[in-house]
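Asks: Got a structure here, written out as structure tokens. Questions coming.
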Amino acid sequence: MPTFKGRRPPGKKRPGGGGQGRPGGKPGGRPGGRPGGKPGGKPGGKPMGKGGSKKFAKKKRPVKKKVIKKPAIPNIENTGMEALYLKDLMVAEELVVVVLRSGEEILGFVRYYDKDVVSIGPADDSPKMLLPKDSIRYIYEAEDALAKAGDEEDDE
């Protein structure tokens, strides 16, 4: 049988009974508590103050601070807005102007797009061009440019 130091196995009762009013209790014991012991103190036989026995003292674990991660800065690839815009241009077959980093402008339709490239079918029926996105400065719809050009001609 195992030996228990300082505590009883669950379900075992003390020989001789319980506290006051129970068989085997000592007269003058605390009401509702364990028989005997020192007078005063907290209910349950625990001594008052911090000077309790160190044998059964509960060790406190250090409290870990929760690290709050800041959300990453939204990237064009993460938001999906670039792909949505290119898809809308492709499905609607909008005429667009692609401005390259070299300053050259290409007028055409978006035929295909990928993570790294955009395929443009030029409006003058020349062969399709596969342009890396790194070489593109920006893309805008040609109708906007044609409307501005038309307004400038009307003003003259």
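Derivation of every value follows stated rules applied to the coordinates shown; laboratory data play no part. In this text, all values refer to a predicted model and were calculated from it rather than measured experimentally. We place every Cβ from the backbone using ideal geometry, glycine too, and count neighbours over all the protein chains shown.
Asks: Expected output is a single nm value to one decimal: the length gained when fully extending between residue 73 and residue 125, i.e. 0.36 nm times separation in residues minus the C-alpha distance. What is it?
Replies: 14.6 nm
Asks: For a 24 Å ceiling on Cα separation, which of these pairs sit above it: 69/133; 87/115; 69/115?
Replies: Working: 69/133 31 Å; 87/115 12 Å; 69/115 28 Å.
Beyond 24 Å: 69/133; 69/115.
Asks: Between residue 135 and residue 63, what is the FRET efficiency for a Förster distance of 41 Å, r being their Cβ-Cβ separation, to the nearest 0.05?
Replies: Given R0 = 41 Å and the Cβ-Cβ separation, E is 0.15.
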